[in-house]
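The values are calculated or read from the model by the stated rules, or taken from the named source; none is laboratory data. Predicted model, so just to flag it, every value in this text is computed and none were measured. Because the Cβ atoms are built from the backbone with ideal geometry, glycine has one as well, and the counts that use them run over all protein chains shown. These accessible areas exclude ligands, DNA and RNA; they are computed on the full protein's heavy atoms, side chains included. Shrake-Rupley method; radii C 1.70, N 1.55, O 1.52, S 1.80 Å.
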Amino acid sequence: VQLVESGGGLVQAGGSLRLSCVASGSVSSITGMAWSRQATGKGREVVAAMSRDTVTYYAGSVEGRFTISRDRAKNTLFLQMTSLKPEDMATYYCGAEVPSGAEVWGQGTQVTVSS
């Protein structure tokens with residue numbers, strides 16, 4: 001499985017961005033997908049996840065502001081981010097889990113939020 005993220009950029013606080021993640025390879029083997037982020041000097045945090053049967057999870061810090069969704073036909077995962085805050089600034093990564101339990105992560109896309 002290979003993952004390529006896009007959609008990051010510079011946005012003002014209160015603004016919105018939509019991240020995309022295109023999966024390729026053995027996509028039928030994916031059991032779940034997630035978005036995580038890592039800010040400078042901080043650890044990686046999973047902010048949203050979706051299981052194969054579309055059960056979703058959100059970190060408390062983003063619940064109500066971020067929405068994870070997918071377009072199965074296009075093998076694409078999305079993260080709609082609204083009401084962005086300076087503390088949301090980070091590199092965002094798309095990840096996928098396969099049946100062995102292994103995780104695959106993309107190269108990341110940078111989100112910068114100006115106050």
(message) Can you work out the Karplus-derived ³J(HN,Hα) for every residue in region 43-54? Use 6.51 cos²θ - 1.76 cosθ + 1.60 with θ = phi - 60°, whole Hz, and x for glycine or proline.
(response) x, 7, 10, 6, 9, 7, 8, 9, 7, 4, 9, 6
(request) Using all C-alpha to C-alpha distances in region 1-65, build P(r) with 10 Å bins and read off the rounded percent in each one. (result) 16, 47, 32, 6
(request) Determine ³J(HN,Hα), in whole Hz, for all residues of region 57-67 in sequence, where each value follows from phi through the Karplus function 6.51 cos²θ - 1.76 cosθ + 1.60 and θ = phi - 60°; x replaces Gly and Pro. (result) 9, 10, 5, x, 5, 10, 4, x, 10, 10, 9
(message) Can you give me the long-range amide H partners of G15? Hydrogens built in the peptide plane at 1.01 Å from N, cutoff under 5 Å, separation of 5 or more residues or another chain.
(response) L84
(message) Show me, for region 106-115, the HN-Hα J-couplings you get by feeding each phi into the Karplus relation (A = 6.51, B = -1.76, C = 1.60, θ = phi - 60°), rounded to Hz, glycine and proline as x.
(response) x, 7, x, 9, 8, 10, 10, 10, 9, 9
(request) Mind giving me the FRET efficiency for Q110 and T54? R0 is 22 Å, r the Cβ-Cβ distance, nearest 0.05 is fine. (result) 0.20
(request) Would you kindly calculate the mean projected area, averaged across all directions, of the convex hull enclosing the Cα atoms of region 45-111, in square nanometres? (result) 5.1 nm²
(request) Over region 1-102, average the accessible area per residue using a 1.4 Å probe and give it in Å², no decimals. (result) 51 Å²
(request) May I ask you to work out the translational diffusion coefficient for the chain at 25 °C, viscosity 0.890 mPa s, via Stokes-Einstein with Rh from the Kirkwood sum over Cα pairs, reported in whole µm²/s? (result) 175 µm²/s
(request) Taking amide H positions as placed in the peptide plane 1.01 Å from N, state which residues far from T31 in sequence (5 or more) or on other chains have amide H under 5 Å from it. (result) E97, V98
